[in-house]
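Asker: Before I ask anything, let me first share the structure, which is written out below as structure tokens.
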Amino acid sequence: MILAPSLLSADFGNLQKDIEMINESQADWFHIDVMDGVFVPNISFGQPVIKFIKKHAKKPLDVHLMIVDPDRYFEDFKNIGADILTIHYEACRHLNRSISSIKQLGMKAGVVLNPHTPVSVLEDIIQECDMVLLMSVNPGFGGQSFIENTYNKIIQLKELINRKNPSCLIEIDGGVSLKNYKQLFEYGADALVAGNAVFGAEKPLETIKEFKK
């Protein structure tokens, strides 16, 4: 069971301290949301910040691109240290080509679905995916409430994966907390992104330990 704390909820005034806390914790990945203010109504990390994170991180960088025309930047994100690159189905004109490009650069390739996008759109591409990220909130801002229909989408996605690509992981992002994480794993999730639940906790290391139980 993979836990990927989202640095979108970290203390930007003391980012190195939070990176080192994750390094020392039982968490598995760093989740990094890249927003351009066009595809989603917010702006977040740029490449210089991610390069800094990579310098101090001792765990893989799970980079989630919430940007238009993401293909323009695949090589740049490889060069600054992305290990996993996830791109939105809704942002890609030629998804098969995009996934192939990510893999050729030596990164794991994932596809992201917004809450309104049905799992069925992945029928002809799932064989190429290392991971599918289901958004369980509308992308753009941290701290939103979990969308309950996500459970149904996990069931549908798990059926598709079992049928066509059993090694593909399911990641959930948005509204993940200690109240619903067990249920998400029971339904079939492999990886959870947790932002406020970790960095907003009084004792983040203990909270991560609880997730990893």
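Values quoted throughout were computed directly from the atomic coordinates according to the rules given, and no laboratory measurement underlies them. Every value quoted in this text rests on a predicted model; they were computed, and no experiment measured them. For neighbour counting, all protein chains shown are included, and Cβ atoms are generated from backbone atoms with ideal geometry for every residue, glycine included.
Asker: Can you list the aspartates and glutamates whose alpha carbon sits under 17 Å from that of LYS108, skipping same-chain ones fewer than 8 residues off?
Answerer: Filter leaves ASP28, ASP33, ASP62, ASP71, GLU75, ASP76, ASP83, GLU128, ASP130, GLU171, ASP190.
Asker: Also: In cubic angstrom, how much convex hull volume per residue do the alpha carbon atoms of segment 84-151 span?
Answerer: 94 Å³
Asker: Could you sort the peptides 133-139, 17-23 by per-residue average Cβ neighbour count (10 Å cutoff), highest mean leading? Write down the numbers at each step before the final one.
Answerer: On the way: 133-139: 22.3, 17-23: 18.3.
My ranking of the peptides, most packed first, is 133-139, 17-23.
Asker: For the chain, with the dipole built from +1 on Lys and Arg beta-carbon atoms and -1 on Asp and Glu ones, taken about the Cα centre, which of THR150, SER9, ASN79 lies farthest toward the positive end?
Answerer: Checked the options; the winner is ASN79.
Asker: Between [x] 28, 20, 17; [y] 24, 21, 15; [z] 53, 16, 13, which matches semi-axes √(5λ) of the Cα gyration tensor in Å calculated for the structure shown?
Answerer: Given [x] 28, 20, 17; [y] 24, 21, 15; [z] 53, 16, 13, the calculated one carries the label [y].
Asker: For LYS203, which lysines qualify as cross-link partners when the Cα separation must be under 17 Å and same-chain residues fewer than eight apart are set aside?
Answerer: LYS203 reaches LYS17, LYS179, LYS212, LYS213.
Asker: Take each complete run of DSSP H in the chain, measure how far its Cα atoms stretch along the helix's own axis, and keep only those covering 24 Å or more with mean Kyte-Doolittle hydropathy at least 0.5; list them. Let's see the in-between values first.
Answerer: Values: long enough: none.
Correct list, ordered by number: empty.
Asker: Something else: Hey, in the GNM for the chain with a 10 angstrom Cα cutoff, which one of GLY140, GLY13, GLY37 fluctuates hardest?
Answerer: GLY13
Asker: Here's a follow-up. Quickly estimate the mean residue ellipticity at 222 nm for the chain, helices only: each DSSP H run with n ≥ 4 gives -39500 (n - 2.57), and the total goes over all residues, rounded to 500.
Answerer: Roughly -9500 deg cm²/dmol at 222 nm, from the helical runs in the chain.
Asker: Then there is this: List the trypsin sites (Lys or Arg not before Pro) within segment 29-72 that DSSP assigns to loop and that have no more than 11 neighbouring Cβ atoms inside 10 Å.
Answerer: Filter output for segment 29-72: LYS58.
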